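In what follows, a single structure is set out as structure tokens and then discussed.
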Amino acid sequence: MSMAIALPTNQVRLTNVAVVRLTKGGKRFEVACYKNKIVDYRTGKEQNMDEVLQIDNVFTNVSKGILANKKDMKKIFGIDDETLIIQEILKSGQVQISEKERDAYYENVWREVANFVSEKCVNPSNNRRYTPDMIRQAMKMAEFSAHPTRSVKQQFLDCVKLLIAKGVLPIERAKMHLRIQVYASNDDVQLYNESIDYVKSIGAVVVKGEGTANEDNWRCIDLHLCPSHYRDVDQFCNKNDGKARLEVVQVCVIEEGDAGLEMDMSRRFVKEKQQSDAVGGADTGNEIGDVDDVTRRMKNELKVEGEEGSIYDDIPTSSRKNAKKDKKKSKKAKRREKEEEAERRERRQKELARQEERALRLIGEKESITSPQSSIMQVEASIAGIDENLSSCNTCGGSFTKTQYRAHFRSDWHRYNLKLKMAGAPAVSEEEFKLSDIDFL
């Protein structure tokens with residue numbers, strides 16, 4: 001009986017093919033591309049179509065190898081050139097990718113958005129960046145989802161708005177450092193004053209304003225501004241017919257270096273001073289004092305360490321002070337151990353003296369009861385009665401049979417001698433043990 005030969009059921013087809021599908025005019029058109037080239041072609045990195053396409057044909061079903069009808073392509077696309085039709089499918093079609101590739105793509109977009117937020121945003125309290133790991137964790141808590149077609153910059157703006165709305169962590173976009181050069185002589189400062197009032201009205205912080213003009217009658221205004229208002233300032237400068245010029249000094253104003261209490265307090269004082277000047281409309285012709293001057297003023301206003309109500313009471317001590325405390329604790333522990341060791345040594349000496357006195361008393365009682373001749377005979381009789389099957393105890397002495405030997409190790413006499421041995425005292429005989437009051441240790 002013959003059986004038909006079938007294809008293997010575990011055969012994997014089209015493992016390195018990315019299908020780009022376009023549905024138009026009720027018809028489906030597909031082209032076969034390389035997986036790692038279609039994205040480069042759409043972004044403009046790859047221009048050669050031969051490096052992108054697996055085959056220069058248009059299909060209705062790539063997996064089955066069914067080619068598209070040329071009459072249908074001409075009717076729907078309006079052209080005969082198959083190359084132009086393929087280009088339109090590559091640009092407008094939908095890429096059919098696997099689940100793993102889709103997950104990898106979303107993960108890559110997620111990571112790029114997190115890195116973008118970490119580079120362009122700061123903590124408002126100290127004007128320092130967050131690490132990318134902290135940003136990714138905050139994005140997960142805010143339930144941010146990456147979009148497959150939107151650009152990274154657009155998703156970055158959406159992510160910042162979402163983090164601020166959810167209140168996951170304090171964050172804001174880093175300020176831009178801009179410089180506006182205004183043409184205004186000493187007699188005509190109207191445009192200069194208008195520029196100052198305008199930048200303050202949109203929330204900018206004036207860092208430096210030159211009250212006097214230079215030799216060419218130009219005055220500079222340095223300000224920190226949110227990037228979302230950059231276009232407004234640019235339009236304001238362009239509408240003044242060349243009398244105002246805008247220059248970008250620094251894209252992101254971010255605090256760098258090691259963080260310190262004095263630095264943070266002085267920076268906070270400067271920020272509050274600038275905000276109060278912006279609200280109160282202070283004189284723009286005077287510069288704000290430098291950081292050293294502000295630091296000296298802060299030290300005069302703050303209480304010194306050690307006074308009641310000092311602001312430094314809640315600040316943790318340095319590692320050197322903690323090490324000294326640990327060292328003091330260790331000295332106390334060593335002193336306590338020495339005292340305990342001296343007490344144990346004294347108790348041990350007292351017990352040894354008691355044992356010696358008891359032994360001497362027992363020896364005197366034996367000598368008064370038995371004569372030397374009878375004691376010698378007892379020793380000879382005990383030696384003559386030794387059997388090879390007897391076992392001896394190295395701690396207590398004496399010989400025992402197998403049954404007696406096992407019972408001896410469970411007896412109170414043996415345990416008592418073990419405690420004496422550990423304490424450094426000599427062992428006692430069974431008679432001495434029975435006469436003792438057993439109060440040691």
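Across the range 19-32, which residue is least open to solvent (accessible area, probe 1.4 Å) among those that are over 17 Å from LYS70 (Cβ atoms) and in contact (Cβ under 8 Å) with a residue 60 or more places away in the chain? Filtering first and then ranking leaves VAL20.
Each residue in the range 131-144 was checked for being open to solvent by less than 50 Å² (accessible area, probe 1.4 Å) and aliphatic (A, V, I, L, M), and 4 pass. Filter the range 185-216 down to the residues that are assigned to a loop (DSSP other than H, G, I, E, B) and at pLDDT below 75 and list them by number. Within the range 185-216, SER185, ASN186, ASP187, ASP188, GLU210, GLY211, THR212, ALA213, ASN214, GLU215, ASP216 qualify.
What helices (runs of 4 or more DSSP H) lie completely within the range 37-117 and have 3 or more residues being β-branched (Val, Ile, Thr) and surrounded by 14 or more Cβ atoms within 10 Å (Cβ to Cβ)? Steps first, please.
Numbers: elements: 38-43, 70-77, 82-92.
Passing ranges, in order: 82-92.
Restricting attention to the range 115-134, the residues that are out of contact with any Phe, Trp or Tyr (no Cβ under 9 Å at 6 or more places or on another chain) and farther than 14 Å from ILE254 by Cα total 4.
Among the residues making up the range 118-144, a single one is in contact (Cβ under 8 Å) with a residue 60 or more places away in the chain, charged (D, E, K, R) and in a loop (DSSP other than H, G, I, E, B): ARG129. Within the range 376-393, identify whether any single residue is at pLDDT 80 or above and of a type outside the set (Gly, Ala, Ser), and answer yes or no. Among the residues of the range 376-393, at least one is at pLDDT 80 or above and of a type outside the set (Gly, Ala, Ser), which makes the answer yes.
Scanning the range 145-157 for residues that are in contact (Cβ under 8 Å) with a residue 12 or more places away in the chain and either surrounded by 18 or more Cβ atoms within 10 Å (Cβ to Cβ) or part of a helix (DSSP H, G or I) (or both) gives ALA146, VAL152, LYS153, GLN155, PHE156.
The values are calculated or read from the model by the stated rules, or taken from the named source; none is laboratory data. Bear in mind that the values here come from a model prediction, so they are computed numbers and not experimental data. So basically every Cβ, Gly included, is an ideal-geometry build from the backbone, and we count neighbours across all protein chains shown. Note: areas computed on protein heavy atoms with side chains; ligands, DNA, RNA excluded. Shrake-Rupley method; radii C 1.70, N 1.55, O 1.52, S 1.80 Å.
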